[in-house]
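All remarks here apply to the structure that follows.
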């Protein structure tokens, strides 16, 4: 992680550029006293669904939603059609990104062909145009396949980014194997399905020396395994998602908007994740923004697709629940959303910032979202912090319909 003085320098540069930009922009000539300038956030785990599933999300809609949430860089997962497992397949996605993205969009390539775990993708050919390699949505089941992937990634100077899940331990589960599942007669997903594969990967990363990043950890045992590996010098980082830090299976309802993978686990797991955020075991927060159609999320816990949206609520949620309550500082939140992900994944900040009214309260209303997805467990929750402007590479990529009661920009929210 960057040293404190380096971060302060970057923050100062961002603020200086932002203030100069805003001073010369006629619609933003009012006093900035009520507002806070924040550097552009970075999310290393999103699903923009294009090519292949544009009825769920597109590069255009996903990047506009990200901009509304204050994000100016995102990394898109490879569970697409076609899967970016070859140069021509990745080229399809890159062309859409060049045409439609309003922020920096950096695609993953898959670890294996078709993400089915039987054969390595064309990692050598893909390495120049992808941010890293992942089979997110599926765990790499074979030890030998993961070993080969890590060895190849190390030679290429790329990172392996792993969704960790042991298929043989799933048993058709779809929520956490805990109290709610037992009381309500649901099939559970055990924590072992996550942390056992993390432990395997950490052994391989230790042996091979590959840069390794763990996606969306949700279990207390995962936190402890990564904490131990870091103490032993393994080149590992990890992320968790906002919902795992503020919700647990005690918050579940019989609705598809509460279903994601990994699932909301126990209060004990949530507390362990918060401690991991506080002590630095967890390096960054990523949303795992995973939009689906309304129909796909209207089938209850058992029948709905896995995944919720989160780009437009991530900062207000964590700011409200962890910063305003004194659990973490604002500086720590910026490490989690800006500095750590950008440093680990090599993503420059540039002239990127957003402008927030941190005292503005609102109730989460999915009908206001710019993403095509509407499924969120946060519906109706009261949060603090509204973004009214995002600038990427010196260009406005989002502006709110109303900046403040005194400043009316006119028109609709836009990207």
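Each value in this text was obtained by applying a stated rule to the coordinates, not by laboratory testing. Predicted model, so just to flag it, every value in this text is computed and none were measured. Cβ placement follows ideal geometry from the backbone for every residue including glycine, while neighbour counts extend to all protein chains displayed.
Where a ≥ b ≥ c are the square roots of the eigenvalues of the C-alpha gyration tensor, would you call the range 154-223 rounded, which needs a/c under 1.5, or, failing that, prolate if a/b is larger than b/c, or oblate? Write down the numbers at each step before the final one.
On the way: a/c = 3.15, a/b = 2.99, b/c = 1.06.
Since a/c reaches 1.5 and a/b is larger than b/c, the shape of the range 154-223 is classed as prolate.
Any idea what angle helix 220-231 forms with the longest principal axis of the chain, computed on alpha-carbon atoms, 0 to 90 degrees, nearest 10?
It is inclined by approximately 90 degrees.
If packing is taken as the mean number of other Cβ atoms within 10 Å per residue, what is the order of 59-66, 362-369, highest first?
Details: 59-66: 27.1, 362-369: 14.0.
My ranking of the peptides, most packed first, is 59-66, 362-369.
Exposure proxy check: 127, 222, 304 ranked by fewest other beta carbons within 10 Å?
So the residues, fewest neighbours to most, are 127, 304, 222.
Can you tell me how the range 261-415 classifies by the Cα gyration tensor, rounded, prolate or oblate, using a/c under 1.5 as the rounded cut? Intermediate results must be reported in sequence, preceding the final value.
On the way: a/c = 1.55, a/b = 1.12, b/c = 1.39.
Here the range 261-415 falls in the oblate category.
When you count, for each residue, the other Cβ atoms within 10 Å and take the mean per peptide, how do 259-265, 85-91 rank with the highest first?
The packing order, highest mean first, is 259-265, 85-91.
Taking the chain as the reference, fit the longest principal axis to its C-alpha atoms, fit the long axis of helix 59-68 to the helix C-alpha atoms, and give the angle between the two in degrees, 0 to 90, nearest 10.
Relative to the chain, helix 59-68 is tipped by roughly 60 degrees.
Report the residue, chosen from 268, 335, 296, that carries the largest GNM mean-square fluctuation when the chain is represented by alpha-carbon nodes joined by springs under 10 Å.
In this elastic network of the chain, the residue with the biggest mean-square fluctuation among 268, 335, 296 is 268.
Between 94, 169, 311, which gets the highest mean-square fluctuation from a Gaussian network model of the chain, Cα cutoff 10 Å?
The residue that fluctuates most here is 169.
Using alpha carbon centroids, what distance separates the range 126-194 and the range 240-293, in Å?
16 Å
Mean-square fluctuation check for the chain, GNM, Cα pairs under 10 Å: which of 233, 385, 307 is largest?
Among 233, 385, 307, the largest mean-square fluctuation in the Gaussian network model of the chain belongs to 233.
State the extension gain, in nm to one decimal, for the chain segment bounded by residue 192 and residue 9, taking 0.36 nm per residue of separation less the distance between their alpha-carbons. Each step should come with its number before you reach the end.
Working: separation 183, 0.36 × 183 = 65.88 nm, distance 4.25 nm.
61.6 nm is the gain from fully extending residue 192 to residue 9.
Treating the angle as unsigned and between 0 and 90°, give the value, to the nearest 10°, between the Cα long axis of helix 4-23 and the longest Cα principal axis of the chain.
Relative to the chain, helix 4-23 is tipped by roughly 40 degrees.
How much of the pair distance distribution for the chain lies past 30 Å, counting alpha-carbon pairs only, in percent? Numbers along the way, then the final one.
Working: 32610 of 85905 pairs.
When all Cα pairs of the chain are counted, 38 percent exceed 30 Å.
Give me the percent of DSSP beta bridges within the chain that run antiparallel, rounded to the nearest 5.
Values: 20 of 41 bridges.
Roughly 50 percent of the DSSP beta bridges within the chain come out antiparallel.
Taking the Cβ of each residue in 55, 10, 319 as the centre, tally the other Cβ atoms inside 10 Å and list the residues starting with the fewest. All intermediate terms of the calculation are to be shown ahead of the outcome.
Numbers: 55 14, 10 17, 319 20.
Ascending Cβ contact count within 10 Å gives the list 55, 10, 319.
Each label point is 7 Å from the Cα along the Cα-to-Cβ direction; what then is the distance between the points at residue 94 and residue 203, in nm?
3.7 nm
For a protection proxy built on the mean count of beta-carbon atoms within 10 angstrom, sort 137-147, 336-346, 238-248 highest first, please.
Details: 137-147: 17.9, 336-346: 21.8, 238-248: 24.1.
Top of the packing list down: 238-248, 336-346, 137-147.
Is the range 2-115 rounded, prolate or oblate when judged by the Cα gyration tensor, a ≥ b ≥ c being the square roots of its eigenvalues, rounded requiring a/c under 1.5 and prolate requiring a/b larger than b/c?
Values: a/c = 3.18, a/b = 2.00, b/c = 1.59.
Because a/c hits 1.5 or more and a/b exceeds b/c, the range 2-115 counts as prolate.
For residue 362 paired with residue 36, estimate the spin-label separation in nm (one decimal), with each label point 7 Å from Cα along the Cα-to-Cβ line.
Computed distance between label sites residue 362 and residue 36 equals 1.6 nm.
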